[in-house]
Amino acid sequence: MKAKDFSTLLMARPQLAEAMKKDFGLFCRMAWPHLHPGTSLSWTWAHDLLCEWLMMVWQKKVIRLILNTPPRFAKSSIAGILFPVWCWLQDPTKSFLCCAYEIDLATSHNGDRRRLLDSKWFKDHFGDSVKLSTDRSLAGEFSNVQGGLMQAASTNSKAQGRGGDIIVVDDPLSADAAYSEVFRNETNSWFVHQLPQRLNNPSESAIILIMQRLHQNDPTGFLLSQEDCDWTLVKLALIAEEDEVWTFPISGRVVRRKKGECLDPKRWSKKVIKQRQQNRLVWAGQFQQEPMDPAGNMIKTDDICYFGGRDPKTNVLDPVAPAEFDRKIISVDCAFKDKPANDFVVILVVGVVASRRYILHVTNAHLDLDGTMNEIRNARNLYGPISAVLVEDKANGSSVIRKLTDEIPGVVPVEPAGGKMARLVATSPEFQARNWYVERYGAWTHKVTEQLTMFPNARNDDISDAVSQCAVWLQANSYAENTLIEWMKADAAGVYDARREEKRVAKKNRDGLGLVGLLEKLDKPKGPPRPKDGDPCPACGSRATRARGDGMLRVVLMCNQCQATDGLIRGTPAISYPRGYPGG
């Protein structure tokens, strides 16, 4: 037990209550056993840091606060449950609106707040400083007799008629919804256009966002990217990626954290950390609060090969692009409209040589329908001959397909199978096998590598879509064509001439032997010779005999004198062959 915690036990109850009112961190440590009975609390300097920043919100020195911490760090209990209760000890007239991505989670937290306020521990220490009202007592909403209100709502809900002096948003997106562009955009829009309308005092009321990072354009990334951003960010990675110095905003305490140091080594052993790091995508975002993994997500930076330049690290020359390709493909990813707010149009030219794919050209711009078709024509003229023009059959792509089909040969409508994630999962092994090459000094190279290595957390993914569309189509349409190409090359080189001669000689030998000749060539046990023409008939002794097959693929001796048939094969057991065998 820490000396500070031991000293609190020696305080008289009124003194301890007064100390907890002044020190939110102390309140959390004392209230924890009553909020989560039987669950131990691993308290670190980082928890003290969070508590001081939350106290800054109460003091109105910060009115927009983002807390990014690793999973299971008690952030929801501290900021979403204990902080509103502690604020009521300061001023029970304050109203709170607490939101989560699911209404069930929000109401569950509301129930935890009420349970703590109703607990014997709370009443023993704080008496009637907060007295709950019986008039308004619901799972999603309750009040106290002084006029304070605790309300629960889900993100993206309009929360009509509800507002707060402090709004707490805890996990606005689920991990699954974070990969849906529709859900992300809807939640981000809610933060900008609806949530601020719920503040009781737009100038002084506060909003607290508590979450772990899930995507580069999740609410944290979106809010921080706004030009008029006034949010304060507290970002705590589980493992320090560089030396850090943390200065506490109220006490002035300074904590120095070395590179590689764990935020909570008691709960996170090296073995457990290593297990979590196996999932690069989850580790980078949820644990390190950096959804932009420097080493790449599904496709690593080292998975991408280059041509036409020199490696800046090793000073080794890259391979040059082949002078000829087996075929060239244009892959087109169209936008829904040509407005700046929409995704870019991507027109990709890929040269194919066996298993290698070379990205020769990329157009990445906001284009309308006519502009898209003109760029396709230009790419075809510059890099022709083109074997196929792949166009996703949705958005403006359907119009492009319809208008270019009669003008350009090889326009292929592509029905997107699965989602973006599934298509890049199917593509990533080709990058791991180092099959894809990008021009080292291309004007578009940085965009290509950035989107591929940051997917699915990149702000834009249109280039990744065009690459995966090409890769998946080639996987489904390469085998037969590549086999034919390889066969034609080998045949022209005379590879199959010797094989044809061997088959011809074998067939001639087989056909010329007949059944008796084939049997003579078989490995057979030693014994009396097989019947042959002129052997004495076993029935009459006449030598007017013939050795013939009996239709059962056996050799028998047929007598012309007595018409007797020797049905036994002399010198070898009967051997069965497939019906129709030569000589049968």
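Bridge orientation summary for the range 306-475: considering DSSP beta bridges with both residues in this region, about 55 percent are antiparallel. Keeping to pairs on different chains or 8 or more places apart, tell me how many lysine pairs in the range 306-475 have Cα atoms under 30 Å apart. Here the count comes out as 20. Across q = 0.16 Å⁻¹, the range 216-360 modelled as identical point scatterers on its alpha-carbon atoms has Debye log10 I(q)/I(0) values of -1.11, in the order of the q list. For the range 44-287, the C-alpha radius of gyration sits at 1.03 times the compact-globule guess of 2.2 N^0.38 Å, with N the residue count. Rounded to the nearest Hz, the phi-derived 3J(HN,Hα) couplings of the range 254-260 under the Karplus curve 6.51 cos²θ - 1.76 cosθ + 1.60 (θ = phi - 60°) are 10, 10, 9, 10, 7, 4, x, where x marks glycine and proline. Calculate the length of the line joining the C-alpha centroid of the range 105-177 to that of the range 417-449, in whole Å. Going from one Cα centre to the other spans 48 Å.
Restricting the calculation to Cα atoms, the range 306-475 shows an Rg/Rh of 0.95 when the hydrodynamic-style radius is the Kirkwood one.
Among the trypsin sites (Lys or Arg not before Pro) found in the range 177-254, those both in a DSSP coil and sparsely packed, with 15 or fewer other Cβ atoms within 10 Å of their Cβ, are ARG253. What percent antiparallel are the DSSP beta bridges of the range 44-287, to the nearest 5? Antiparallel: roughly 30 percent of the beta bridges in the range 44-287.
Toward the positive end of the charge dipole of the range 306-475, with +1 on the Cβ of Lys and Arg and -1 on the Cβ of Asp and Glu, the farthest Cα among ALA323, TRP473, ASN381 is that of ALA323. Taking the Cα atoms of the range 164-264, the ratio Rg/Rh between the radius of gyration and the Kirkwood radius comes to 1.02. Taking 7 Å steps out from each Cα toward its Cβ at ARG402 and SER174 produces label points 3.8 nm apart. When all alpha carbon pairs of the range 340-435 are counted in 5 Å bins from zero, the resulting P(r) reads 2, 11, 19, 24, 21, 14, 6, 1 %.
The order of the peptides 303-316, 44-57, 427-440 by mean Cβ neighbours within 10 Å, most packed first, is 44-57, 427-440, 303-316.
No lab work stands behind these numbers, since they all come straight from the coordinates. On a predicted model such as this, the values are computed, not experimentally measured, just so you know. Counting neighbours? That spans all protein chains shown, and the Cβs are built from the backbone with ideal geometry, glycine included.
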